[in-house]
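The values are calculated or read from the model by the stated rules, or taken from the named source; none is laboratory data. Just so we're clear, the structure is a prediction, and the values are computed from it rather than from any experiment. Using ideal geometry, Cβ is built from the backbone for each residue, glycine included, and neighbour counts are taken over all protein chains shown. These accessible areas exclude ligands, DNA and RNA; they are computed on the full protein's heavy atoms, side chains included. Shrake-Rupley method; radii C 1.70, N 1.55, O 1.52, S 1.80 Å.
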Amino acid sequence: MTGLPVAADVAGRPLVSVKVDNSDDGRVQEVGIDKADVLVEEKVEGTVTRFIAMFQGEDADLVGPIRSVRATDANILSAFGGVFTYSGGAPIAVRTLAKTPVTQVSEDKSGAKPFTYPSGKHRPYATYARTKRLRDEAKKDAKAPPQF
C-alpha cells in the first residue's frame, strides 16, 4: 500500500481498515494510526472529519477510538477490499457497505470478541482493537487488496 517492498506473506494478507475518530475529544485518545499504510481523512458532517486508517504492512497493537460507519465509506473502501472495522452506524450506511468487497467486523456483527475497552475510556471513545485480531476475526472471507 505504501509502495515500499514487503514480504510476500504480508503483501498477500487482507488490508484492515478502521474508522477512527478525529474530533477534539477523540484526537487526544487516538492511537495506532501512526502504523497505518494509508490514512484517509473524510468529512462526515459539517466541519467534523473522521479517519479511515488502512493497515497492511504493519499491524497496530491498538487502534482507536473506533467510530461509526458512514455512507461515504463504501466508495472509499470499494477499491481496496479486505476488512473494515467500525462501531455502529446508521442502517443505510451499513446496507451501502454490504455492497462492497469488504468483510465487516463491527461490534454490531461480531460482539465484543475482537475489541478492547481500555479502563477510563467512555463512549463514544471507548472502543479499540488490535489489527491482527481484526484480520483473524474476518478469517478467509477477506481478500488481499489488488496490486496497483
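Of note:
- With respect to the conditions (1) loosely packed, with under 11 Cβ neighbours inside 10 Å; (2) modelled with pLDDT under 85; (3) not in a helix (DSSP H, G or I), Lys140 falls short on a single one, namely (3).
- Leu15 passes every criterion in (1) open to solvent by 60 Å² or more (accessible area, probe 1.4 Å); (2) in contact with a strand residue (DSSP E or B) (Cβ under 6 Å, 6 or more places away or on another chain) apart from (1).
- Test: residue in segment 30-50 that is in contact with a Lys or Arg (Cβ under 7 Å, 6 or more places away or on another chain), under 19 Å from Pro146 (Cα atoms) and open to solvent by 20 Å² or more (accessible area, probe 1.4 Å): no
- Failed item, numbered, when Ala74 is tested on (1) of a type outside the set (Lys, Arg); (2) farther than 21 Å from Ala138 by Cβ; (3) touching a helix residue (DSSP H, G or I) at 6+ places or on another chain (Cβ under 6 Å): (2)
- Segment 14-53 - residue that is touching a residue at least 60 places away in the same chain (Cβ under 8 Å) and part of a strand (DSSP E or B) and, of those, nearest to Pro65 (Cα to Cα): Asp21
- Cβ pairs under 9 Å, 6+ apart, first in segment 1-12 and under 18 Å from Gly81 (Cα atoms), second open to solvent by 70 Å² or more (accessible area, probe 1.4 Å): Met1/Phe148; Gly3/Phe148; Val10/Glu58; Ala11/Pro5; Ala11/Gln147
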